[in-house]
Amino acid sequence: MKNMQDKLYKKGCIKASDGKMDAETVKTDSDKGVYINRKTGIAALRTSALLRTALFRLLGNIPFEKITLTRLCKEAMIPRSTFYRYFEDKFDLLNHSIDIFIEENRVKSDTVFFYSPQTTADFINILIEKIDLNKAQYKKIFEINKDGILFLHLQKGFMRVLEKQVLDAEMSGLFLQLDLKIFTLLMSNFILYCARIYLDEAENAGRDVFAENIKFFVEKKFFKEAEQFKQDS
């Protein structure tokens, strides 16, 4: 248990003082060890929602690297001092947005790892449902930010989440046999590319067809035998 606590501390999931989980405190920078108090009160949740919505709107018009805190706070209609009460910078807000996506959609470790055919389908459906809520805006975001730094930081954010879920899996007796960095790099890139491909091909391949194709790909069902092909045709 001590080794697991050490791992969790390095990932910023527990505090050094007592080794206990703290739901109101998260580590936002693994190198600097910066902690931001993120309370779960109504005001904090409202501020978080306003800022995430503002960031989402701006990303469809401005590359992430050009979004300033002044512009972000103006779009969210909150003072900068309120922003700093909950977040260190826009990168911290982006990481928080990824965490919220995972929490709100109840994405579990076995789902995000594509542990079975069903969990693969579950995750792809979650991703598609999220995109379908505002497909036009996601297309804008991908287009505006295609040559910028946004997707690098999204990749890092998903890698951080995946590392945490690998630790969760270990605590339930499921151990990763791949190198952790290679695994999280591959999985985070796969998630982002799935989103990109769906946006590009949604009109040509419907939602169900897309999800089925991704499922076949993950299961390495690339080809059919001639007899099976004839029967399905």
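Below are the figures for this structure:
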| read-out | value |
| --- | --- |
| Descending Cα extents along the principal axes, region 147-233, whole Å | 45, 38, 18 |
| Violating pairs (Cα-Cα greater than 22 angstrom) within the set 90/146; 164/215; 156/181 | 164/215 |
| GluC sites (Glu not before Pro) restricted to DSSP loop in region 164-233 with at most 14 other C-beta within 10 Å | 203, 219, 225 |
| Along each principal axis, Cα extent of region 76-233, largest first, Å | 67, 41, 26 |
| Candidates per chymotrypsin sites (Phe, Trp or Tyr not before Pro) in region 113-177, loop by DSSP, up to 16 other Cβ within 10 Å | 115, 175 |
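Bear in mind that the values in this text are calculations on the coordinates, not laboratory data. Predicted, not measured: the structure shown is a model, and the values here were computed from it. Don't worry about glycine lacking a Cβ; one is built from the backbone with ideal geometry, like all the others, and counts go over all protein chains shown.
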